[in-house]
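Colleague: Sharing a structure, written as structure tokens. Questions coming.
The numbers here are math on the coordinates, done by the rules we state, and not lab data. On a predicted model such as this, the values are computed, not experimentally measured, just so you know. Note that each Cβ is placed from the backbone with ideal geometry, even for glycine, and that neighbours are counted across all protein chains shown.
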Amino acid sequence: MRRRKRQLNEANLPLLEHLKALRKVLIISAYAILLGTVIGWFFSDRAFAYLADPIIQLQEITFITTTPLEPMLVKVKVSMLIGVVLALPLVFWQIWSFVLPALKQNERKYLYLIFPSSVLLFLSGVGLCFFVVLPIGLKFLLFVGGDAVTSYTPLLTKTSYIGFLMTMFLTFGLVFQLPIVLLVLIRIGVLTPQMLAAKRRWAILTIVILAVVVSPTPDLLTQLLMAGPMYLLYEMSIWLGYLVARSREKELALK
């Protein structure tokens, strides 16, 4: 009986270790974001003025305050957004350090390539969202109603706008992680670039469906602006996948 109990405890040990590691990742990430939020508090006014520029450029839109707490909530949300950006490198390092131990010891070196690439791709997704998708999407969403809308002055609260921005940034940033995920799967042998190339038609369909599902707005324009870069990232993953697969084959041949 004691022996059986000991065997069950040993079987559950890996799961407990993974949960402890996950808890550590969450705690460190939360502290990093909190520290970044405190720093961001002092720059939140300037940051909001910059983030609000796509709305200000439209000129027909007016920001309003609907509750006494709204100015404080806006400052807190903007500070949190700055905090996430400042903590992003550490957060991604923690996430990939947690995910990649499944790789073999000689493959851990790829962490130092995956980590900066992941951060860069996330920021690229945010940049595409803010500088390209957002100006086009806002103009479409706010004035798609034609005279039924433009005959009045559109009003927008600052908290709703910042919440919308945060959702858009997070969605595009995560979508841009697609090449990293595909290349990791190729590296561990789950996928091959030949498989990805042969399934292009299904990939296009999946990407369109995914863009419709994860897009923070229901309009077709924003979904297309998300699906287009996703497909380009898919193609990039195929070509980079050949290099990764070739490297894997050489290492397997040496064993």
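Colleague: Calculate, in nm to one decimal, what Gln177 and Thr157 gain on full extension: separation in residues at 0.36 nm each, minus their alpha carbon distance.
Modeller: Full-extension gain reported as 4.1 nm.
Colleague: Which value results for Rg/Rh of the chain when Rg is the Cα radius of gyration and Rh the Kirkwood radius based on the inverse mean 1/r?
Modeller: Dividing the radius of gyration by the Kirkwood radius yields 1.06.
Colleague: Moving on to the next point. If you take the beta carbon distance between Thr167 and Ala198 as r and set R0 to 45 Å, what does 1/(1 + (r/R0)^6) give as a FRET efficiency, to the nearest 0.05?
Modeller: 0.85
Colleague: Once you place label points 7 Å from the Cα toward the Cβ at Tyr231 and Glu17, how far apart are they in nm?
Modeller: Reported label-point gap for Tyr231 and Glu17 is 4.5 nm.
Colleague: Set the Förster radius R0 to 41 Å, insert the Cβ-Cβ distance between Thr66 and Ile188 as r into 1/(1 + (r/R0)^6), and round the FRET efficiency to 0.05.
Modeller: 0.20
Colleague: For the chain, what's the relative contact order in percent, using C-alpha pairs closer than 8 Å and at least 6 residues apart?
Modeller: Contact order relative to length: 20 percent.
Colleague: Counting Lys and Arg as +1 and Asp and Glu as -1, each charge on the Cβ, what is the dipole of the stretch 41-124 about the Cα centre in debye, to the nearest 20?
Modeller: That gives the stretch 41-124 a dipole magnitude of about 480 debye.
Colleague: Quick one: go through the stretch 199-220 and flag any residue whose amide nitrogen is under 12 Å from the point 7 Å out along the Cα-to-Cβ line of Ile136.
Modeller: 220
Colleague: Same structure, new question: By how many nm would the segment from Val38 to Tyr242 grow when fully extended, if each residue of separation counts as 0.36 nm and the alpha-carbon distance is taken off?
Modeller: 69.0 nm
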